[in-house]
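See structure below.
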Amino acid sequence: MEEDCCSTQLINRDGMFNAAGLENFIKTVNLIPQSRYGYSYAVVSIMGPPSSGKSTLLNHLFRTNFWEMDVLKGRSQTTKGVWIAKCIGIEPFTIVMDLEGTDGRDRGEDDTAFEKQSALFALQLSDVVLINMWCHDIGREQQANKPLLKTVFQVMTRLFSPRRTTLLFVIRDKTKTPLQHLEPILREDIQKIWDTVSKPQTLKDTLLSDFFRVEVTALSSYEEKEEQFKQEVRQLRQRFFNSIAPGGLAGDRRGLIPASGFSLRAQQIWKVLKENKDLDFPAHKVMVAAVRCEEISNEKFSRLTSDERWLELEAAVQSNPVSGFGKKLSSILDTYLSEYDMEAVYFDERVRTAKRQQLESKALQFVQPTYHAMLRHLRSRTLFNFKNQLVRSLNRGKLFAASVRDCSRSCMLEFDQGCADVAIKQADWDTSKVCEKLRRDIEAHATSVRNTKLSEMIADYEKQLTKALVKPVESLFYAAGQDTWASIRKLLRHETEVALSGFSAALSGFELDQETYDKMVGNLVSFARSVVEKKAREEAGKVLIHMKDRFLMVFTHDNASMPRAWTGKEDIWALTKDARAAALKLLSLLAAIRLAEKSDNIEIVLFRSLLDGTSGVSSARDRSVMSASTDLHAASTWEEVPPKDTLITSGVSCARDRSVMSASTDMLAASTWEEVPPKDTLVTSGVSSARDRSVMSASTDLLAASTWEEVPPKDMLITPVQCTSLWARFKDETQYIVTHAIYVKEALRRNDSWIPPPWAIVAMIVLGFNEFMLLLRNPLYLLVIFIIFLLLKALWVELDFTGEFQNGALTGMFSLSSRFHPAVVVNLLKRIAGVGQMHQDPEPPRRQSSLISSESSQSQTQIPVPMTESGFEYSGSAHVPVPARRRPV
């Protein structure tokens with residue numbers, strides 16, 4: 001099957017450009033698939049008078065199928081507009097354009113404009129322009145397309161970059177005149193046209209050969225010598241083979257346009273020609289290159305975005321880092337950039353380079369998010385490795401600062417290597433910001449770990465200090481010795497030094513700055529002090545309980561800390577004073593914090609005001625009241641009481657008694673006791689001097705203040721006013737214990753009074769001698785007496801005669817009478833029988849050996865006992881009277 005030339009009308013008679021036809025022609029002839037033609041193509045066009053055999057010549061020369069004139073129908077214009085076709089069998093690929101005839105009568109006035117436009121169109125697109133002319137027109141002024149050539153030359157000279165188009169003059173219907181004679185004439189005419197053309201100043205001396213290459217050939221008449229014509233055409237056809245090779249018809253052409261830009265360039269040239277704009281064909285060349293390179297660039301970018309390798313790489317990066325990311329991505333980009341270079345190689349270099357840079361920039365911008373994602377993976381992985389390495393290094397016992405330094409160095413080196421692996425060859429992206437962010441993340445994590453480690457270490461040492469201080473300080477407060485605070489200061493100093501020794505050694509591994517180091521050491525010292533202060537405040541809050549416990553301990557235990565065995569001979573008031581002194585000593589210890597080695601007068605003030613000064617009169621008002629009371633006691637009647645109702649006067653009945661009272665008062669004001677040597681005097685009866693009286697007055701004033709002298713407010717635990725209030729409560733709540741002890745002593749004294757005195761025992765022995773001898777002579781009496789003794793002893797123990805009669809004889813009798821119940825009698829007989837079977841003397845009831853305090857603190861539970869008429873309640877265990885508490889109304 002013969003190959004189709006695909007002839008298509010490119011521009012119609014009305015000057016309308018057939019863009020769709022041209023695109024169809026390009027696709028049909030396969031002009032630019034993968035730009036395989038590039039510059040390896042040629043464009044040939046023909047122009048000349050109408051009906052001069054142009055189409056016939058092209059059909060025979062290039063085997064096209066343009067319409068030819070039918071000579072039987074007369075001479076008429078066959079080709080209208082501009083037609084395009086593919087040359088069959090010509091290498092390289094050649095396009096031929098058949099132009100509408102010039103100087104035709106069919107167009108009338110518009111003929112000149114169109115023929116100029118089509119001629120310029122052909123000259124700009126074609127590498128070879130065939131100018132068809134009759135042999136007999138050579139030498140004529142208005143023939144042989146001279147006016148058209150003059151106009152075309154004038155326009156062409158305005159171009160700054162000549163294309164070096166080949167003008168092949170084809171002389172038709174040659175005569176017997178040899179070609180060698182006709183060619184000089186034709187060349188001379190063309191040179192004259194060139195010389196007469198008005199040229200720009202810059203091209204004034206430009207030669208015709210700079211713009212055009214002129215070739216001449218002659219053909220015989222097609223109608224008269226057809227075979228010869230065809231033979232000459234075949235010879236001419238051979239000249240179009242390899243026409244673009246050096247030495248060929250178009251071997252020295254310039255301003256080339258790649259085959260892929262032919263369509264766009266043809267449209268733009270015709271558009272400019274139709275709009276009558278100034279012609280700047282080099283700009284059109286650039287424009288064509290720009291448009292075509294843009295198309296290539298877009299096509300490559302589109303393929304890049306849908307590339308399977310890229311999609312797989314992008315998907316993989318979204319979840320995990322990809323090894324060799326940079327090389328893989330660089331290879332993908334290289335593929336499409338290389339394809340662009342291959343397809344755009346024939347376009348203008350500057351445009352091609354600019355569009356390549358745009359494609360590269362666009363492609364890099366497209367892949368940059370994935371590149372950044374890869375950097376994020378790399379940064380996260382490096383940070384994770386840093387964390388693990390730091391943990392392992394610390395677990396091996398390496399110092400913190402050295403561990404952070406070594407791990408940071410190795411991880412940053414790892415990150416740099418990773419960045420090199422991720423780097424894209426086509427991009428010169430700076431990773432310093434990511435590197436700096438990673439460094440900040442590493443520093444932040446190291447700081448966080450350091451703070452955590454420091455916090456844990458501080459907590460450990462604080463716990464160590466708390467454990468080392470709390471219990472010992474509590475014990476020292478409990479002991480309440482003379483040097484309690486000195487011992488606490490010594491303990492605090494020792495434990496703080498021990499803790500600081502280990503703490504400083506541990507801090508050295510963190511390489512802290514001096515300011516931070518000093519601050520942390522100072523905080524630990526302050527914490528140790530705060531532990532002692534907190535414990536002191538805690539103990540001060542329970543001072544009343546401690547005071548009562550201390551009072552009870554001293555009051556109920558001897559010097560060996562053993563429970564006191566009450567014999568009835570104890571000095572209750574001396575024990576009370578010692579116990580109160582111990583309690584007051586504890587109060588003075590807990591009144592203020594004494595961690596600074598400074599002395600104070602708290603203990604002196606408290607003892608002089610609360611213990612030594614309790615018997616003094618605190619103010620002039622009290623003294624006046626006492627003086628008035630003394631005068632009333634000296635009177636013979638009571639105020640506001642009638643004499644007839646007076647039974648006992650308040651005054652002293654005689655002068656002797658009044659003198660005794662006056663002497664007693666004077667003795668209390670003296671500095672020594674009568675009949676007692678001064679060396680044996682322990683406590684004087686009055687205030688010895690004005691200095692002592694002033695000291696007591698000052699102490700009283702200090703207790704009315706809200707602060708202690710020489711004690712900072714922050715170190716104060718109990719104010720003087722609070723001490724006074726606490727002491728009053730303490731005395732009130734411990735008074736019961738003292739009263740209880742007094743009654744126990746009295747009870748023991750009464751129990752001891754059941755034993756007869758020695759003189760009575762001697763009298764019974766003397767007076768009962770006869771009865772004793774009678775018992776010896778009659779042992780049966782002795783057995784009866786022994787049985788009676790057992791019976792009475794059992795009754796004594798069972799009925800608790802001693803306890804019952806302690807509250808009075810009448811009360812005891814009523815209580816014993818209520819116990820003579822049959823059940824009681826049966827129980828009594830059983831007890832007597834048991835005693836008789838044992839055949840041994842019953843053990844007498846043991847005397848209460850120690851005082852059991854019914855109350856040691858407010859926290860102990862009280863068991864209520866009914867009140868008796870005498871105002872006392874009885875303890876069933878000690879069998880001694882216990883003073884009943886007054887219940888609040």
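Every number here is computed from the coordinates shown, using simple stated rules; none is lab data. Fair warning: this is a prediction, and the values are worked out from it, not measured in the lab. Note that we place each Cβ from the backbone using ideal geometry, even for glycine, and neighbour counts take in every protein chain shown.
Quick notes on this structure:
- Distances between placed amide hydrogens fall under 5 Å for Thr102 paired with Gly48, all partners being 5 or more residues away or on another chain.
- Among the listed pairs Lys146/Lys204; Lys86/Lys146; Lys463/Lys519; Lys80/Lys174, those whose Cα-Cα separation exceeds 24 Å are Lys86/Lys146; Lys80/Lys174.
- Hits among lysines - C-alpha to C-alpha of Lys490 under 19 Å, sequence gap 8 or more where chains match: Lys467, Lys471, Lys534, Lys535, Lys598
- Per-residue Cβ neighbour rank within 10 angstrom, fewest leading, Asp189, Asp341: Asp341, Asp189
- Per-residue HN-Hα couplings for region 114-121 [Karplus 6.51, -1.76, 1.60; θ = phi - 60°; Hz; x = Gly/Pro]: 5, 5, 5, 4, 5, 5, 5, 4
- With bins 5 Å wide beginning at 0, the percent of Cα pairs of region 357-488 falling in each bin runs 2, 9, 14, 13, 10, 9, 7, 6, 6, 5, 4, 4, 3, 3, 2, 2, 1, 1, 0.
- The value obtained for region 455-541, namely the Cα convex hull volume divided by the number of residues, is 84 Å³ per residue.
- Selection among Val351, Cys411, Val317 by position relative to the dipole of region 310-417 gives Cys411 as farthest towards the positive end (Cβ unit charges, Cα centre).
- Arranged from fewest to most other beta-carbon atoms within 10 Å of their beta carbon, Trp67, Trp759 become Trp759, Trp67.
- Spin-label model, Ala245 to Asp441: label points 7 Å out along the Cα-to-beta-carbon direction sit 6.5 nm apart.
- Long pairs among Lys398/Lys425; Lys355/Lys437; Lys542/Lys569; Lys271/Lys355; Lys327/Lys433, criterion Cα-Cα beyond 31 Å: Lys398/Lys425; Lys355/Lys437; Lys542/Lys569
- Cα pair count fraction exceeding 18 Å, expressed as % - region 289-373: 42 percent
- For region 550-567, 3J(HN,Hα) per residue [Karplus equation, 6.51 cos²θ - 1.76 cosθ + 1.60, θ = phi - 60°, Hz, x = Gly/Pro]: 5, 4, 5, 4, 5, 6, 9, 10, 7, 5, 8, 6, 9, x, 6, 8, 7, 10
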